[in-house]
Amino acid sequence: MDHQTIGRIQLGLLVYLGVGKGDDQNAAQYIADKIVHLRIFADQNGKMNRNLLDVNGDVLLISQFTLYGDCRKGRRPGFDPAAQPDLAQQLYQHTAQLIRQKGLQCPTGQFAAHMTISSTNDGPVTFLLDSNRNF
C-alpha cells in the first residue's frame, strides 16, 4: 500500500456507488442526474433547498460493491446481486463522466482496490438512492 491520495474534494458529496445486476446506461443516467440535482444543501434559511450546481460542489465517487452485500442469512454477506466487475467498472466510469458533463469535478477512487477513505460529514446527512426506485 503506497498511501497515495487519488481523489479529494472540499464542498460536495461523497458518493458510494454500487452497481447491481440489471443496471445499465439508463440507471447510470438516473443516478448521475439525481446526484447533481438533489436539493440537499442548506439555503440562507437553513432549509435543504440547494443542489451541487447551486453551491459549486463536487462529487467524490467511490465504487462500493459491498452495498449489495446480503446479510439476511448466515454470518457472511452474499454478493450475488452485485454486477460482474467488468460491467460495474464500465457503469462506474460512465456515471463519473455524466457528472463531469454537468460541469462538476468528479474524482474517483481506484476501482476494486482496498482504499482508506476519510470524510467530514456536515449533518449528519446520508441518503440512499436507487435507480430501481425501490426507496
**Residues within the stretch 62-104 that are among the charged types (D, E, K, R) and touching an Asp or Glu at 6+ places or on another chain (Cβ under 8 Å), tallied** = 2
**Item:** Extreme residue, surrounded by the fewest Cβ atoms within 10 Å (Cβ to Cβ), among residues of the stretch 44-59 that are more than 19 Å from Pro124 (Cβ to Cβ) and of a type in the set (D, E, K, R)
**Value:** Asp54
**Asked** Out of the residues in the stretch 84-123 that are closer than 22 Å to Asp54 by Cα and small (Gly, Ala, Ser), which is surrounded by the most Cβ atoms within 10 Å (Cβ to Cβ)?
**Response** Ala96
**Request:** Check Thr116, Thr95 and return the single one that is among the β-branched types (Val, Ile, Thr), closer than 20 Å to Leu38 by Cα and either in contact (Cβ under 8 Å) with a residue 60 or more places away in the chain or part of a loop (DSSP other than H, G, I, E, B) (or both).
**Result:** Thr95
**Message:** Restricting to the stretch 1-34, and then to whatever is among the polar types (S, T, N, Q) and under 10 Å from Thr95 (Cβ atoms), can you tell me which residue is surrounded by the fewest Cβ atoms within 10 Å (Cβ to Cβ)?
**Reply:** Gln25
**Fill in**
Taking the stretch 51-88 and keeping only residues that are assigned to a strand (DSSP E or B), touching a helix residue (DSSP H, G or I) at 6+ places or on another chain (Cβ under 8 Å) and within 17 Å of His114 (Cα to Cα), one is left with Leu61, Ser63
**Prompt:** Here are some conditions: (1) at pLDDT 95 or above; (2) out of contact with any Asp or Glu (no Cβ under 9 Å at 6 or more places or on another chain); (3) assigned to a loop (DSSP other than H, G, I, E, B). Arg39 meets all but one. Which one does it not meet?
**Reply:** (2)
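The values are calculated or read from the model by the stated rules, or taken from the named source; none is laboratory data. Keep in mind that what you see is a predicted model, and the values were worked out from it rather than measured. Every residue, glycine as well, gets a Cβ built from its backbone with ideal geometry; the counts of neighbours run over all protein chains shown.
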